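Notes for the one structure printed next.
Derivation of every value follows stated rules applied to the coordinates shown; laboratory data play no part. Quick caveat: nothing in here was measured; it's all calculated off a predicted structure.
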Amino acid sequence: STPVPISLLRAGHSRVVSDAQVERLLGLRPDAFVCTLSGSGHHVPLHVPQALASTLEQRIPEAAV
């Protein structure tokens, strides 16, 4: 186990990361942050750049920027 926080940003219309994989991650690391960005395909930065930026701003502490 690692003390490093884990965040998974998942595309809403992509099948790259399955529901079962998300469940496995949360089973291993219940503290993991999982966010599904609806309206996006596999290339999240191109499909929903504002939603991605907003989510990252919420997850990354100011001191790390």
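Data overview
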item: Fully extended contour minus Cα-Cα distance, from Ser18 to His42, at 0.36 nm per residue; result: 7.4 nm
item: Cα point-scatterer Debye curve for the chain, base-10 log of I(q)/I(0) at q = 0.26 Å⁻¹; result: -1.15
item: Contour minus Cα-Cα distance for Val34 and Val4 (0.36 nm per residue); result: 9.3 nm
